[in-house]
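Here is the structure we will look at, set down as structure tokens.
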Amino acid sequence: MTVLSVPGSSVTVRVPAKVNAQLAVGAARPDGFHDLANVFLAVSLYDEITVTPAESLRITCSGPDADQVPLDRTNLAARAAEALAARYGIAPDVHIHIAKDIPVAGGMAGGSADGAGALLACDALWSAGASSPASREELLAICAELGSDVPFSLLGGAALGTGRGELLTPLEVGGVFHWVFAVADGGLSTPAVYGEFDRLTAGTDVPPPAAAPALLDALRSGDPTALAGALANDLQPAALSLRPALADTLATGTSAGALAALVSGSGPTTAFLVKDEEAAATVAAALRASGTCRTARTATSPARGAVVTGRTP
């Protein structure tokens, strides 16, 4: 196969975590997925993906909970490299290093971020020597094949995801929102949370998912108090059913002054919207001292999507 990269060259990409300001979930479809109205916000917690030419595809990982990250070809970063290599007609012979800072299995799309980051890094590595570089649309299509959250990890900012979350419409955001994220011990399986959602809603009429107009207005206005009143996550009852202790974490952050609290995506990370940077520090300190979570992180949104931050020739 044609070699499109230069030995010794490397590309580093920074890619953000996400929080779901709204996650409206429809009934299970025949294919097992659920239709969603998923209002994504990228937040300023990042993984860094560095891709270097190698004799074969391999993955390494460092950072918090790196031992929980799969290093085989089930990792979305590896799958992204394989998919893009097929597009370029080459072998996916790269070393992918993931420097983790996004909580692992925490409902913040860390695995999806790594897939998007690896895709962009490999494209930057390979496209310079290609006669027909991949377009942005092709990269987003590969992202959608990899997973429902991967396209947003590439795009960043704020967007409404429909379908199973992969069909994105960018959203206007009128200001900066401040968040605290409480990181739980251990993860929650996303399929298990959706399965519990199906169990809890069995026999009921699950309405078609739709973005709440009040939430979209709050994003446009940049008003954190208005956004706090509109945050919603249809998966939260399922996550709390599987991990009841999360209720104590939510209560702790609210008591410490958060404007609103919710489970982030499928959990078990919990998200707290706060008024400003000072409030974020107060809520984070209270959560760390409470014993209801492993640690607490502060961040802002929206954040830029996957971006190349460094390369060597």
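Would you check if Leu57 is modelled with pLDDT of 95 or more, closer than 30 Å to Pro209 by Cα and crowded, with 17+ Cβ neighbours inside 10 Å? So Leu57 does not fit the description; no. Where helices (runs of 4 or more DSSP H) fall wholly inside region 39-158, the ranges with 2 or more residues that are without any contact (Cβ under 8 Å) to a residue 24 or more places away in the chain, on the phi < 0 side of the Ramachandran plot and among the charged types (D, E, K, R) are 136-146. Any residue at all in region 96-107 that is touching a Leu at 6+ places or on another chain (Cβ under 9 Å), surrounded by fewer than 23 Cβ atoms within 10 Å (Cβ to Cβ) and acidic (Asp, Glu)? The answer is yes, given that some residue of region 96-107 is touching a Leu at 6+ places or on another chain (Cβ under 9 Å), surrounded by fewer than 23 Cβ atoms within 10 Å (Cβ to Cβ) and acidic (Asp, Glu). Quick one: count up the residues across region 234-268 that are assigned to a loop (DSSP other than H, G, I, E, B) and closer than 28 Å to Asp205 by Cα. Qualifying residue count, region 234-268: 9.
Checking each residue in region 192-244 for being surrounded by 18 or more Cβ atoms within 10 Å (Cβ to Cβ), out of contact with any strand residue (DSSP E or B) (no Cβ under 6 Å at 6 or more places or on another chain), farther than 19 Å from Asp35 by Cβ and of a type in the set (Gly, Ala, Ser) picks out Ala218, Ala230. The residue list Ala261, Ala279 contains one member that is surrounded by fewer than 21 Cβ atoms within 10 Å (Cβ to Cβ), more than 18 Å from Asp149 (Cα to Cα) and among the hydrophobic types (A, V, I, L, M, F, W, C), which is Ala279. Looking across region 203-260, just one residue is β-branched (Val, Ile, Thr) and either within 18 Å of Gly186 (Cα to Cα) or outside the structural domain of Asp185 (by TED's automatic domain parsing) (or both), and that is Thr249. Contact annotation: residue pairs with Cβ atoms under 8 Å, 6 or more positions apart or on different chains, pairing a residue in region 183-195 that is of a type in the set (Phe, Trp, Tyr) with a partner that is assigned to a loop (DSSP other than H, G, I, E, B), are Tyr194/Leu235; Tyr194/Ser266.
Could you check, for region 105-122, whether at least one of its residues is farther than 30 Å from Ala271 by Cβ and modelled with pLDDT of 95 or more? Scanning region 105-122 turns up at least one residue that is farther than 30 Å from Ala271 by Cβ and modelled with pLDDT of 95 or more.
Scanning region 8-55 for residues that are charged (D, E, K, R) and out of contact with any helix residue (DSSP H, G or I) (no Cβ under 7 Å at 6 or more places or on another chain), which turns out farthest from Ile96 (Cα to Cα)?
Initially, region 8-55 is screened for residues charged (D, E, K, R), giving 14, 18, 29, 31, 35, 47-48, 55.
Then keep just the ones that are out of contact with any helix residue (DSSP H, G or I) (no Cβ under 7 Å at 6 or more places or on another chain); that gives 14, 29, 31, 35, 48, 55.
Numbers: Arg14: 13, Arg29: 35, Asp31: 32, Asp35: 32, Glu48: 10, Glu55: 12 Å.
Checked region 8-55; the qualifying residue farthest from Ile96 (Cα to Cα) is Arg29.
The values are calculated or read from the model by the stated rules, or taken from the named source; none is laboratory data. No experiment lies behind these values; they were computed from the predicted model shown. Virtual Cβ from ideal backbone geometry, glycine too; neighbours counted across all protein chains shown.
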